[in-house]
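Notes to accompany the following structure.
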Amino acid sequence: MTELLSVVIPTHNRPDRLAEAVRSVLDQDYRSLEIVVVDDGSGPSTAEVLDRLTSEDDRVVALRNDESLGASAARNRGVGVARGELVGFCDDDDLWLPGAARAVVNLLGPDVGMVYGQHQRLIEHSGRLVTYRPPAGADAELMRWINVLGTCFGVARRDRVGDQLHFDTDLITSEDWDMWLRCAEVAPMRLVPSPLYRYIQHGDERITTLPTSYAEGYHRFLAKHRTSMTPACIAHHELTFALATHDRDRVLTQLRHGLRRPSILGAGVMVGAEVAAGRRGRHTGDPGLPLRVAATFLDVTPSRRRSTRRG
């Protein structure tokens, strides 16, 4: 029996981009699917596009929030209505690439909780297209250190991940990282080693680009998962955050802390390797290189093997 794949798309005032996102899913060669679009308080133009899409294809289901509740709440409502045993996501300004649905369904056997894939990043103003290749063999231990998926692209099997398939609306950012980490804690995850999703970088405002939102969201994520992290993992997060926010004093404080505690010194070395890999990745068009370096580093250090213990 062919399993139903539900794809949840939250949207807010992007009618033209939304139509392209929906079409990219409808055009998949896997036919047993539905699309649940949640209009998060958009204007009339979005309703007009949704009326057209639902009339053209009965696989499109449209919901509306009378006022904007945010992307996480919109996604959660979509998940609640979705009928599929398999559930995936697409942002209203991104695209599923041809063959993506069949590729994830083929890998989502009964013993697999979630499937993720490589994705493309299109820089819209320049037309530059690069492929993000995440680490393979990811699990909850690795996910505590780094956000392996990198975007909201992932497809989960409900009967394996259970009630972990929801977004925490208290998280301003990192809400996708948080959900996939929780899913990975209860079920295995697998990688499709080819591009499945196109993430489009454009000039529209994204909440994750706002410094205050990024800082608050990151701190909330770290506070939520801190008890499951080793001191080395926490040090890695603190130093990564300090570098990302250009907080020189915090960087120096973290480095001095590492020198006093050799057990977490490796976290500083790892961050240095990630920074170097990031520079090379930008030069060579390989944005996933820092995360693959981090995954390799953790595989050869004892930190990861002890990541579920407090030390």
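The values are calculated or read from the model by the stated rules, or taken from the named source; none is laboratory data. What you see is a predicted model, and the numbers here were worked out from it, not measured in a lab. Glycine also receives a Cβ, built like all others from the backbone with ideal geometry; neighbour counts cover every protein chain displayed.
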Requested in this report: Enumerate the pairs (first residue in the range 1-29 and at positive phi; second residue anywhere and of a type in the set (S, T, N, Q)) with beta-carbon separation below 7 Å, excluding pairs fewer than 6 apart on the same chain, so at least 6 apart or on different chains.
Outcome: N13/S42; N13/T46
Report task. Considering each residue of the range 1-15, count those that are out of contact with any Asp or Glu (no Cβ under 9 Å at 6 or more places or on another chain) and among the charged types (D, E, K, R), and give that number. Result -> 0
Report summary line: Residue count, the range 42-62, condition more than 15 Å from R83 (Cα to Cα) and either surrounded by fewer than 16 Cβ atoms within 10 Å (Cβ to Cβ) or at pLDDT below 95 (or both), comes to 10
Report task. Tell me which residues, restricted to the range 73-111, are at pLDDT below 95 and touching a Phe, Trp or Tyr at 6+ places or on another chain (Cβ under 6 Å). Result -> none
Report summary line: In the set D66, D92, the lone residue that is in the same structural domain as D16 (by TED's automatic domain parsing), of a type in the set (D, E, K, R) and out of contact with any Gly (no Cβ under 7 Å at 6 or more places or on another chain) is D92
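Listed here are the residues, each with its yes/no results for (1) in a strand (DSSP E or B); (2) of a type in the set (D, E, K, R); (3) under 25 Å from the mean Cα position of the chain (by Cα).
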| site | (1), (2), (3) |
| --- | --- |
| D29 | no, yes, yes |
| E34 | yes, yes, yes |
| A47 | no, no, no |
| D51 | no, yes, no |
Report summary line: Quick count over the range 30-52, residues being in contact with a Gly (Cβ under 8 Å, 6 or more places away or on another chain), of a type in the set (A, V, I, L, M) and free of Cβ contacts under 8 Å to residues at least 60 places away in the same chain, is 3
Query raised in the report: With respect to L196, is the statement that it is without any contact (Cβ under 8 Å) to a residue 40 or more places away in the chain, touching a strand residue (DSSP E or B) at 6+ places or on another chain (Cβ under 7 Å), under 20 Å from L95 (Cα atoms) and of a type outside the set (K, R) true?
Result: no
Query raised in the report: Residues in the range 203-212: is at least one part of a helix (DSSP H, G or I), in contact with a helix residue (DSSP H, G or I) (Cβ under 9 Å, 6 or more places away or on another chain), over 17 Å from V87 (Cα atoms) and not charged (D, E, K, R)?
Result: yes
**Report entry** Residues located in the range 53-92, provided they are free of Cβ contacts under 8 Å to residues at least 24 places away in the same chain and under 23 Å from the mean Cα position of the chain (by Cα)
**Finding:** G80
Requested in this report: Look through A273, A223, A277 and report the one residue that is within 26 Å of the chain's Cα centre (by Cα) and under 30 Å from D168 (Cα atoms).
Outcome: A223
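A quick yes/no check of all residues on (1) assigned to a strand (DSSP E or B); (2) closer than 23 Å to A294 by Cβ; (3) modelled with pLDDT of 95 or more:
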site	(1), (2), (3)
S126	no, no, no
A136	no, yes, no
M143	no, yes, yes
L149	no, yes, no
A156	yes, no, yes
H166	no, no, yes
T173	no, yes, no
M179	no, yes, yes
Query - Meets criteria (at pLDDT 95 or above and not assigned by TED's automatic domain parsing to the domain that holds W96) for D286 - result: yes
